[in-house]
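Accompanying notes for the structure given below.
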Amino acid sequence: MAADDHFSDQLESWLESDSPKTIGDLGNVFAEKSFAVTILFLMFVPALPLPTGGITHVFEAVTVLLAAELVVGARSIWLPARWRDHTLGATTTGKAIPFMMRRIRWFERFSRPRAAWLFDRRWFLRILGIVFIGLAVAAAVAPPFSGLDTLPALGAVFVALALILEDIVALAIGVGIGGGGVVLILTVGAALIHVVRGLF
């Protein structure tokens with residue numbers, strides 16, 4: 001893949017290739033951006049305002065693991081073999097990823113490298129790892145059936161895109177959306193605790 005290809009073009013080439021469609025294969029194809037690309041895939045599903053039957057908690061847990069690896073300075077993804085070799089499935093590759101690619105193509109029209117040098121700094125990647133952990137945990141602990149998990153998850157998607165596209169503006173958008181979601185979850189959670197205590 002050419003270095004100047006858009007990320008969406010690289011993603012489309014991977015989708016149309018004969019290579020295995022597993023989480024582990026993402027790390028092989030998008031080597032230098034493997035953490036961001038994998039987290040983008042994982043958090044895109046919780047970012048959708050759709051019922052998922054609790055599967056998003058698995059994605060959020062894997063995101064926390066990958067983000068922790070970023071924090072400790074890992075240069076390549078490590079996942080248990082069961083997760084690494086898990087096939088993404090026809091629904092994911094046939095519907096979810098094309099849906100995601102259309103949104104990414106739209107976003108790429110407005111994005112460009114801004115403060116790109118930051119995204120090559122190990123200390124900055126460690127900070128982003130902490131941000132990913134915070135957003136994934138917030139999405140996981142959001143009140144059930146409230147839909148509030150979509151905001152921190154969407155924030156994580158934007159942060160992952162910022163890392164892929166090396167765009168500090170996209171990062172600011174992601175932190176803003178995700179941070180707002182965290183505040184909202186804490187506010188609603190505190191209100192629910194107050195109501196429950198009032199019942200006893």
Using only Cα atoms, locate the centre of the range 97-132 and the centre of the range 133-195, then give the distance between them in Å, rounded to an integer.
16 Å
Using the crude model of +1 on Lys and Arg Cβ and -1 on Asp and Glu Cβ, and no other charge, please compute the dipole size for the range 7-198 relative to its Cα centre, in debye to 20.
340 debye
Nearest 10 degrees, 0 to 90: helix 34-44 Cα axis against the chain principal axis:
40 degrees
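What's the exposure ranking of D167, D120, going from fewest to most Cβ atoms within 10 Å?
Ranked by crowding around the Cβ, least crowded first: D120, D167.
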How many nm is it between the label spots at T22 and V196, if each spot is 7 Å from the Cα in line with the beta carbon?
4.0 nm
What does the highest-first list of 147-159, 104-116 look like by mean Cβ count within 10 Å?
147-159, 104-116
Over the chain, with a Gaussian network built from C-alpha contacts below 10 Å, which listed residue (F132, F35, F124) shows the highest mean-square fluctuation?
F124
Considering the dipole of the chain built from charges on the beta carbon (Lys and Arg +1, Asp and Glu -1) around the Cα centre, which of F30, P143, G198 is farthest to its positive end?
G198
Please arrange M100, M43 by counting, for each residue, the other beta carbons lying within 10 Å of its beta carbon, fewest first.
M100, M43
Rel. contact order, % - alpha carbon contacts under 8 angstrom, at least six apart, the chain
25 percent
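Values in this text are rule-based calculations from the coordinates and carry no lab data. A quick note: this is a predicted structure, and the numbers were derived from the prediction, not measured. Don't worry about glycine lacking a Cβ; one is built from the backbone with ideal geometry, like all the others, and counts go over all protein chains shown.
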